[in-house]
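What follows is one structure encoded as structure tokens, with my remarks underneath.
The values are calculated or read from the model by the stated rules, or taken from the named source; none is laboratory data. Small disclaimer: the values here were computed from a predicted structure and weren't measured. Glycine also receives a Cβ, built like all others from the backbone with ideal geometry; neighbour counts cover every protein chain displayed.
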Amino acid sequence: MSYRSGRHFVQIPGPTNVPERVLRALARPTIDHRGPEFAHLAKEVLAGLKRIVKTEGPVVIYPSSGTGAWEAALVNTLSPGDKVLMFETGHFATLWRNMALALGLEVDFVPTDWRRGADPAIVWDKLSRDKEHSIKAVAIVHNETSTGVTSRIAEIRRAMDDADHPALLLVDTISSLASIDYRHDEWKVDVTVGCSQKGLMLPPGLGINAMSSKALEANAKAKLPRSFWDWRPMLEANEAGFFPYTPATNLLYGLKESIAMLEEEGLENVFARHARHAEATRRAVGAWGLETQCANPLEHSNTLTGVRMPHGVDADKVRKVILERFNMSLGTGLGKLKGSMFRIGHLGDFNDLMLLGTLAGVEMGLGLAGVPHKRGGVDAAMDYLYETLR
Ligand SMILES: *Cc1c(COP(=O)(O)O)cnc(C)c1O
């Protein structure tokens, strides 16, 4: 491949753009992970992560992708044959369900049309009917990255409380953490699942769990086999700033930097920035005369937008044209959405001009690929960004 001038736009919804400051932090020499300098680093990033997840309770960091953190959440709290309530919000929810089945759990998987989130009314209904408390956990993907739909966790929590049901609440925040409002303690989430390569602006390689005291009680009784993912040796070693095995030291340098950046900007400002870019993107999609994958206005994702293609158009052909001509990667349609939509990531280290460049690439790509659409999406997005300048 010959040199392509200018920067590659990586507008998939994770991994996201890794900022210079983080790249430089990653480039430091690796240190002894059993020495005092490491212990200081580990305590600092664990404390910082608690502020991001909004919890007073413990947080653990695995050298893993997000999938590992999913597994940790299940095997640390549940026993073989336990029943879990999940919603088929899209591809990621389906993968988490498949994992639960593979681990020997029983899953009540509520179907959707992959255009909306988990319905709090169904949570209430299922739990209210479950008088014997056979449902041990409700597991929800907060931001379904395959569709661009954000489930309403606070409302789901309220439904669980209204049903007066003791099930654990497990939440995948992999593509929402540090981008969309999320409150582990306030929403009484029992296990939060996160990872490094989305809102935290890091390369892939860190899996995260935050756990409530109720989750820790469940952990003491949970019988699913676990070793690498076991919270107990991790929590014990973390007390002194250490890990039970070799941690991803350089990624932790990066995490320290990304937490500092998020806190310099202010988490609430970070959330507002993502919300504003998401609205501008939706205005562009509307102006093009296209539809978002999300069909519920209450559940639009602030970190990515799924764009449905008109009937007969192959979304992956459009992505290919855009990659080849404009050096920009967009997210493919996953699972049963393959070919019918693409995804624009607008999360992480991102600003107004990066968004406008992204949308310009999409608009020109729609033209080059011959997709029936109207021009003017970039203008609509720019108007909104201009009107909402602070
Ligand atoms: C990216 C993603 C995952 C998978 O994480 P990996 O790091 O690829 O294992 C799971 N859930 C959601 C919502 C995601 O966006």
Can you confirm whether region 302-311 contains a residue that is over 18 Å from SER340 (Cα atoms), part of a helix (DSSP H, G or I) and not assigned by TED's automatic domain parsing to the domain that holds SER151? no
Checklist entry - Within region 42-54, is even one residue within 21 Å of the chain's Cα centre (by Cα), within 16 Å of the ligand (Cβ to nearest atom), at pLDDT 95 or above and surrounded by 17 or more Cβ atoms within 10 Å (Cβ to Cβ)? => result yes
Exercise. Regarding PHE243, is this residue of a type in the set (Phe, Trp, Tyr) and more than 30 Å from PHE342 (Cα to Cα)?
Worked result: yes
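Taking the residues in region 316-347 that are of a type in the set (A, V, I, L, M, F, W, C) and either in a loop (DSSP other than H, G, I, E, B) or more than 23 Å from the chain's Cα centre (by Cα) (or both) as candidates, determine which candidate is surrounded by the most Cβ atoms within 10 Å (Cβ to Cβ).
LEU347
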Exception for TRP187 within (1) within 16 Å of the ligand (Cβ to nearest atom); (2) not in a strand (DSSP E or B) falls at (1)
Of the candidates ASP108, ASP164, ASP125, the one satisfying the condition of being farther than 22 Å from THR303 by Cα and in a loop (DSSP other than H, G, I, E, B) is ASP164
Based on what the data block shows, is LEU177 in a strand (DSSP E or B) and closer than 30 Å to GLY345 by Cα? no
Filtering region 357-381 down to residues that are part of a helix (DSSP H, G or I) and either of a type in the set (Gly, Ala, Ser) or in contact with a helix residue (DSSP H, G or I) (Cβ under 6 Å, 6 or more places away or on another chain) (or both) yields GLY357, LEU359, ALA360, GLY361, GLU363, GLY365, GLY367, LEU368, GLY377, VAL378, ALA380, ALA381
Checked region 89-102 for anything more than 16 Å from LEU170 (Cα to Cα) and touching a residue at least 24 places away in the same chain (Cβ under 8 Å); matches are GLY90, HIS91
Exactly one of SER179, SER213 is closer than 30 Å to ARG24 by Cα, of a type in the set (Gly, Ala, Ser) and assigned by TED's automatic domain parsing to the domain that holds THR145, and that residue is SER179
Does region 135-151 contain any residue that is among the acidic types (Asp, Glu) and away from the ligand (no atom under 16 Å from the Cβ)?
no
Of those in region 31-70 that are β-branched (Val, Ile, Thr) and in contact with a strand residue (DSSP E or B) (Cβ under 8 Å, 6 or more places away or on another chain), the residue nearest to ALA100 (Cα to Cα) is THR67
Over region 68-82, the set of residues surrounded by fewer than 21 Cβ atoms within 10 Å (Cβ to Cβ) and either within 12 Å of the ligand (Cβ to nearest atom) or within 18 Å of HIS142 (Cβ to Cβ) (or both) is GLY68
Going by what's in this entry, would LYS131 be described as more than 16 Å from the ligand (Cβ to nearest atom), basic (Lys, Arg) and not in a loop (DSSP other than H, G, I, E, B)?
no
The residue from LEU252, LEU235 that alone is surrounded by fewer than 18 Cβ atoms within 10 Å (Cβ to Cβ) and touching a strand residue (DSSP E or B) at 6+ places or on another chain (Cβ under 9 Å) is LEU235
Here the residues within region 202-223 that are out of contact with any Lys or Arg (no Cβ under 9 Å at 6 or more places or on another chain) and within 16 Å of the ligand (Cβ to nearest atom) are LEU202, PRO203, PRO204, GLY205, LEU206, GLY207, ILE208, ASN209
Of (1) of a type in the set (Asp, Glu); (2) in contact with a strand residue (DSSP E or B) (Cβ under 9 Å, 6 or more places away or on another chain); (3) surrounded by 17 or more Cβ atoms within 10 Å (Cβ to Cβ), GLU155 satisfies every one except (2)
The condition from (1) more than 12 Å from the ligand (Cβ to nearest atom); (2) over 15 Å from ASN143 (Cα atoms) that PHE87 misses is numbered (2)
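Residue by residue, here is whether (1) of a type outside the set (Gly, Ala, Ser); (2) surrounded by fewer than 19 Cβ atoms within 10 Å (Cβ to Cβ); (3) within 16 Å of the ligand (Cβ to nearest atom); (4) within 20 Å of GLY207 (Cα to Cα) holds:
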{"residue": "GLU20", "(1), (2), (3), (4)": "yes, yes, no, no"}
{"residue": "ALA27", "(1), (2), (3), (4)": "no, yes, no, no"}
{"residue": "ARG34", "(1), (2), (3), (4)": "yes, yes, no, no"}
{"residue": "GLU37", "(1), (2), (3), (4)": "yes, yes, no, no"}
{"residue": "PRO58", "(1), (2), (3), (4)": "yes, no, no, yes"}
{"residue": "GLY66", "(1), (2), (3), (4)": "no, no, yes, yes"}
